[in-house]
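The values are calculated or read from the model by the stated rules, or taken from the named source; none is laboratory data. Note that this is a predicted model, so its numbers are computed, not measured. So basically every Cβ, Gly included, is an ideal-geometry build from the backbone, and we count neighbours across all protein chains shown. Note: accessible area is taken over every heavy atom of the protein model, side chains too, but ligands, DNA and RNA are not part of it. Shrake-Rupley method; radii C 1.70, N 1.55, O 1.52, S 1.80 Å.
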Amino acid sequence: MENLHDRRKVYEKHQLLENQLKENPIELFRDWFLEAEEHPNISEANAMAISTLEDDGCPRTRMVLLKGFTWEGFIFYTNYESRKGKSIEKNGTVCLHFFWPPLERQITIKANIERVAENLSDGYFASRPRGSQLGAVVSPQSCVVPNPEFLEKKL
């Protein structure tokens, strides 16, 4: 087993002091997100980990892209038939996590989740590149695909 005890970085760039807190925490998220978006070494400031709760009580985490945020919350899209979509539908609570290493900042958000209006979801789908749309339609989410020909035939 490799010993990783000495592999660590000292994080000293920022402190989060009480006088820096905003009345609405989304204001602080906005400030940090905009800083992350402008940073030359952060290619996807909107990349976030999302954790849902599985039927066996174990959390499951995967990466998705934040597609928007408002004063009320955060917007991302997922296939309702995916494992993630079904977990969200059943439980309704998720944990979001943003980590921007070059800024030495991270934010964790525990959220109750709800679907956006159907027209917003449809509008997002229509805005995706054609190949992504086709991939989403033919790929059975969270299921094993027997072979590439299976997808080609469905396409």
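Take the convex hull of the alpha carbons in the range 3-90; its mean projected area over all directions comes to 9.3 nm². Taking every protein chain into account, the accessible area of the range 12-155 amounts to 69 square angstrom per residue (probe 1.4 Å).
Here is the list for the range 49-155: GluC sites (Glu not before Pro) lying in DSSP coil, each with at most 14 other C-beta atoms within 10 angstrom of its C-beta, are Glu54, Glu72, Glu81, Glu104, Glu114.
Straight-distance candidates among the lysines for linking to Lys84, with alpha-carbon spacing under 19 Å and chain neighbours fewer than 8 residues away dropped: Lys67, Lys110.
Per DSSP H run of n ≥ 4, the term is -39500 (n - 2.57); total these for the chain, divide by its residue number, and report the mean residue ellipticity at 222 nm rounded to 500 deg cm²/dmol. For the chain, the value works out to -9000 deg cm²/dmol. Heavy-atom surface analysis with a 1.4 Å probe gives the chain a carbon and sulfur content of 51 percent of its accessible area. Taking chymotrypsin sites (Phe, Trp or Tyr not before Pro) as exposed when their DSSP state is a loop state and no more than 15 other Cβ atoms lie within 10 Å, the longest site-free interval of the chain runs over 81-155. Suppose the Debye formula is applied to equal point scatterers at every Cα of the chain; what is log10 I(q)/I(0) at q = 0.15, 0.16 Å⁻¹? The computed values of log10 I(q)/I(0) come out as -1.01, -1.10.
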